[in-house]
Amino acid sequence: MKEFLVHSTFFGAVISLAAYEAGLFLKKKFKLAVLNPLLIGTVCVMAFLALFRVEYKDYHESAKYISYLLTPATVCLAVPLYQQLELLKKNRKAVAGGITAGVLASLSGVFLLAKLFSLSHEQYVTLLPKSITTAIGMDVSKELGGVETITVAVIILTGILGNVIAELIFRLFGIEEPVAKGLALGTASHAIGTAKAMEIGEIEGAMSSLSIAVAGLLTVFGASFFANLL
């Protein structure tokens, strides 16, 4: 079975998509935030690879085709933003301030935790791009001397966590403004958070889409500065 899988060109892509569909099915059936499709899909893929003793490099070789869709999918998020362009212009100061504050909070939080737990420089810079989209975060981590694979894992975990607890946080702190919700999700939880924002509403989705791009650019510059602090 293992040999058959390894020599199948698209087995990784098929397994990944099937696992994600399983996650979608469970989310729709039980309607629990913790049953995030990406989280369920990740767990299913890990269990499958462990069960059939398939090496990660073999899986990645046949699943990499899905990654090619990441960049165009991110670019497509500009569509809902364009539809809410007038709202963006009206709230441009709040948007700029919110995204900047979110980026600084993320970078400062990583710095403080790195100092608290005495992390090495490599571990520290690996975590710095945790709140931006994978397409940008991998390059930032590589440039700063971090471990790209761990950065990807941390980015995914950050996104899933934001997706799962977003509505709870909004209720807890009484956040009802759609623009604020969208900015928070996009800045803190990148594309996975944006998926949640789009579930909540069109304005939230548009603002979150904007936050991904702007927060990514600000983090590129901010991470370079923060990397020299430890």
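Stretch residue 221-residue 157 to full length: gain in nm at 0.36 nm per residue minus the Cα-Cα span?
Details: separation 64, 0.36 × 64 = 23.04 nm, distance 2.28 nm.
Taking 0.36 nm per residue and subtracting the Cα distance, the gain is 20.8 nm.
Taking 41 Å as R0, compute the FRET efficiency from the Cβ-Cβ separation of residue 24 and residue 115 and round it to 0.05.
Numbers: r = 40 Å, r/R0 = 0.98.
It comes to 0.55.
How many nm is it between the label spots at residue 50 and residue 69, if each spot is 7 Å from the Cα in line with the beta carbon?
2.7 nm
How far is helix 178-200 tilted off the main Cα axis of the chain, in degrees rounded to 10, range 0 to 90?
Between the helix axis and the principal axis of the chain, the angle is about 20 degrees.
Which angle from 0 to 90°, rounded to the nearest 10, does the C-alpha axis of helix 11-30 make with the longest principal axis of the chain?
It works out to around 60 degrees.
For the chain, what is the charge dipole size about the Cα centre, in debye to the nearest 20, if Lys and Arg each add +1 at the Cβ and Asp and Glu each add -1 at the Cβ?
Numbers: 18 positive and 16 negative charges, 80 e Å.
The dipole of the chain has a size of about 380 debye.
At a temperature of 4 °C and a viscosity of 1.567 mPa s, determine how fast the chain diffuses translationally according to Stokes-Einstein, using the Kirkwood radius over alpha-carbon pairs as Rh; express D in µm²/s, rounded to the nearest whole number.
Values: Rh = 18.6 Å.
Using the Kirkwood radius from Cα pairs, D works out to 70 µm²/s.
So what is the accessible area of the chain per residue, in Å², with the probe set to 1.4 Å? Present the calculation step by step, with values, prior to reporting the outcome.
Working: 13100 Å² over 230 residues.
Here the per-residue accessible area is 57 Å².
How high is the FRET efficiency between residue 82 and residue 31 when r is their beta carbon distance and R₀ equals 30 Å, given to the nearest 0.05? Write out the running numbers ahead of the final one.
On the way: r = 31 Å, r/R0 = 1.05.
For residue 82 and residue 31, the calculated efficiency is 0.45.
Hey, for a label at residue 101 modelled as a point 7 Å past Cα toward Cβ, could you say which residues of region 184-211 have their backbone N under 15 Å away?
Within reach of a label on residue 101: 184-188.
Specify the angular offset, from 0 to 90 degrees and rounded to the nearest 10, of the alpha carbon long axis of helix 134-144 from the longest principal axis of the alpha carbons in the chain.
So the helix axis and the longest Cα principal axis differ by about 90 degrees.
Using the per-residue mean of other Cβ atoms lying within 10 Å as a proxy for protection, in what order, highest first, do the peptides 132-141, 74-83, 33-42, 196-205 fall? Show your work: numbers first, answer last.
Details: 132-141: 22.6, 74-83: 15.3, 33-42: 18.2, 196-205: 20.6.
Top of the packing list down: 132-141, 196-205, 33-42, 74-83.
Report Rg/Rh for region 1-111, rounded to two decimals, where Rg is the Cα radius of gyration and Rh the Kirkwood radius. Could you put the intermediate results ahead of the total?
Working: Rg = 19.6 Å, Rh = 17.3 Å.
Using Cα coordinates only, the ratio equals 1.13.
Heavy atoms only, 1.4 Å probe, whole protein assembly: order 116, 87 by accessible area, highest first.
Numbers: 116 125, 87 45 Å².
Most to least solvent-accessible, the answer reads 116, 87.
Can you tell me the Rg and the Dmax, both Å, for the Cα atoms in region 61-133?
My reading of the Cα-based Rg and Dmax gives 17.3, 46 Å.
Using only the Cα atoms of region 74-203, what are the Rg and Dmax in Å?
Cα radius of gyration and Dmax of region 74-203 are 15.3, 46 Å respectively.
Quick one: dipole size for region 42-172, taken about the Cα centre, charges +1 on Lys/Arg Cβ and -1 on Asp/Glu Cβ, in debye to the nearest 20. Walk me through the numbers before you get to the answer.
Working: 11 positive and 9 negative charges, 108 e Å.
Around 520 debye, computed over region 42-172.
Grab the beta carbon distance between residue 89 and residue 167, set R0 = 30 Å, and tell me the FRET efficiency rounded to 0.05. Walk me through the numbers before you get to the answer.
Working: r = 28 Å, r/R0 = 0.93.
After rounding, the FRET efficiency stands at 0.60.
When the helices in the chain are scored as -39500 (n - 2.57) per DSSP H run of 4 or longer and the sum is shared across all residues, what 222 nm value do you end up with, to the nearest 500 deg cm²/dmol? Please list the in-between numbers first.
Numbers: 13 runs with 187 residues, N = 230.
About -26500 deg cm²/dmol.
For region 135-187, run through the GluC sites (Glu not before Pro) and keep only the ones in DSSP coil with at most 13 other Cβ atoms within 10 Å of their Cβ.
On the way: sites: 143, 148, 167, 176; in loops: 176.
In loop regions of region 135-187 (DSSP not H, G, I, E or B), the sparsely surrounded GluC sites (Glu not before Pro) are 176.
Over the chain, calculate the relative contact order: mean separation of alpha carbon pairs under 8 Å at least 6 apart, over the residue count, as a percent.
Working: 310 pairs, mean separation 46.5, N = 230.
Contact order relative to length: 20 percent.
I'd like to compare 94-100, 183-189: which one has the highest average count of other Cβ atoms within 10 Å, and what's the full order after that?
Working: 94-100: 17.0, 183-189: 29.0.
Listed from highest to lowest mean packing, they are 183-189, 94-100.
The values are calculated or read from the model by the stated rules, or taken from the named source; none is laboratory data. Everything numeric here is computed off the predicted structure, so don't read it as measured data. For neighbour counting, all protein chains shown are included, and Cβ atoms are generated from backbone atoms with ideal geometry for every residue, glycine included. Side chains included, ligands, DNA and RNA excluded: accessible areas come from the protein's heavy atoms. Shrake-Rupley method; radii C 1.70, N 1.55, O 1.52, S 1.80 Å.
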